[in-house]
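The values are calculated or read from the model by the stated rules, or taken from the named source; none is laboratory data. Just so it is clear, the structure is predicted and the values come from calculations on it, not from any experiment. Note that we place each Cβ from the backbone using ideal geometry, even for glycine, and neighbour counts take in every protein chain shown.
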Amino acid sequence: MPEPLVAVGAPAVAARRRLRFAFLLNLTLLGLLGLMWAGLSLGTDSFATFGNFTNLLRQGSIWAIMAVGQTFVIITAGIDLSAGAVVGVAGTVVALLMKSGVPVPLAILATLGFGVAVGWVHAFGIVRMGLPPFIMTLASLTALRGIGLLMTNGQTIAGLPAEFSALARDSSFGIPNLFLAVIAVAVPCHLLLHHSRWGRHLYAVGSNREAARLSGIRVTRVLYLAYILSATLSALAGILTTARIGIGVATTGDGWELQAIASSVIGGASLFGAVGSVPGPLLGAMLLTTINNGANLLNINPFWQRIVTGGLIVAIVYLDQLRRPKR
């Protein structure tokens, strides 16, 4: 496929600007996270302990993986509201497969394949049927919840293999395996987004879909891969969640799509499209996890956590809107 017909050097200049903005935002988030950790360390003796930091990493890892996938979709100016439902159904699928005697590796691969299929359906509805991403993924959220409950008749699936649970509960060199899974996801996703032609095309589609099409970019292919990545990473999050809790529950992940979107937006992804990075949602997920963890340790009403998260989203989207050029 030929390169898009754009001015020489324009993609490189745009890429440098995106990386510079992402770098400055990530530094800001790191500073804010450090201040929160310092404040919580002074506020409660239970926060600055090895056990609690390990727990923080485990808690934030699932949302971080989902947020990375969500970021690919948001960069296209789309959204994936089905992410939490995919977590629940994927956890159910992998549990049922293992209970039926399928080896753990094959059960995991088959469940990831289910995530690919869900992402393909989302992209088909958006690209071929012309449905808005909000409507397509909202309908999928509702349908997938029903499918998961039908598969289990509302019951939990217990008695999973010990080696499967070890994937999420064990640690390597003192680092939780869940956090290592985040690294295994983040590194290739970062390379794909910032150091590949497809990544440049993704930003171009998010900036102006019609202009991207006229410049020679295969918009359909870009959108398909974005939604497939989002659903597949949500399926991975479902697998890891089931391994962590040791049972398959169809309603797992209820509302987590909002946490994934919030992590992505707080990490710098713009709901207007064409802006986003991989480190950003990782930091955003850790920020939200810290808020939840700190509130629990300080015995603050958990409902305040939702209020703070909602306020952060409104403030960041408003600031993002202010910095965009007026048309």
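Structure values in brief
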quantity	calculated
All positions within the stretch 92-144 that are of a type in the set (S, T, N, Q), exposed (fewer than 15 other Cβ atoms within 10 Å of the Cβ) and not in a loop (DSSP other than H, G, I, E, B)	Thr142
Residue check for Arg213: basic (Lys, Arg), touching a helix residue (DSSP H, G or I) at 6+ places or on another chain (Cβ under 8 Å) and touching a residue at least 24 places away in the same chain (Cβ under 8 Å)	no
Residue in the stretch 193-203 that is nearest to Leu282 (Cα to Cα), counting only those that are modelled with pLDDT under 95 and hydrophobic (A, V, I, L, M, F, W, C)	Leu193
The listed residue being modelled with pLDDT of 80 or more, within 20 Å of the chain's Cα centre (by Cα), of a type in the set (A, V, I, L, M) and not in a helix (DSSP H, G or I), out of Ala274, Ala243, Ala285, Ala262	Ala274
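Residues are listed down the side, and each one gets a yes or a no for (1) surrounded by 15 or more Cβ atoms within 10 Å (Cβ to Cβ); (2) aliphatic (A, V, I, L, M); (3) modelled with pLDDT of 90 or more:
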{"residue": "Val6", "(1), (2), (3)": "yes, yes, no"}
{"residue": "Ala15", "(1), (2), (3)": "yes, yes, no"}
{"residue": "Ala38", "(1), (2), (3)": "no, yes, yes"}
{"residue": "Phe47", "(1), (2), (3)": "yes, no, no"}
{"residue": "Ile62", "(1), (2), (3)": "yes, yes, yes"}
{"residue": "Gly69", "(1), (2), (3)": "yes, no, yes"}
{"residue": "Ala85", "(1), (2), (3)": "yes, yes, yes"}
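Residue-by-condition table, conditions (1) of a type in the set (Phe, Trp, Tyr); (2) closer than 15 Å to Val89 by Cβ; (3) in contact (Cβ under 8 Å) with a residue 12 or more places away in the chain:
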{"position": "Gly130", "(1), (2), (3)": "no, no, no"}
{"position": "Ile135", "(1), (2), (3)": "no, no, no"}
{"position": "Gly146", "(1), (2), (3)": "no, yes, no"}
{"position": "Asn153", "(1), (2), (3)": "no, yes, no"}
{"position": "Ala162", "(1), (2), (3)": "no, no, no"}
{"position": "Leu178", "(1), (2), (3)": "no, no, yes"}
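Residues checked against (1) farther than 19 Å from Leu144 by Cα; (2) among the aromatic types (Phe, Trp, Tyr):
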{"residue": "Ser230", "(1), (2)": "no, no"}
{"residue": "Thr242", "(1), (2)": "no, no"}
{"residue": "Trp256", "(1), (2)": "no, yes"}
{"residue": "Ser270", "(1), (2)": "yes, no"}
{"residue": "Arg306", "(1), (2)": "yes, no"}
{"residue": "Thr309", "(1), (2)": "yes, no"}
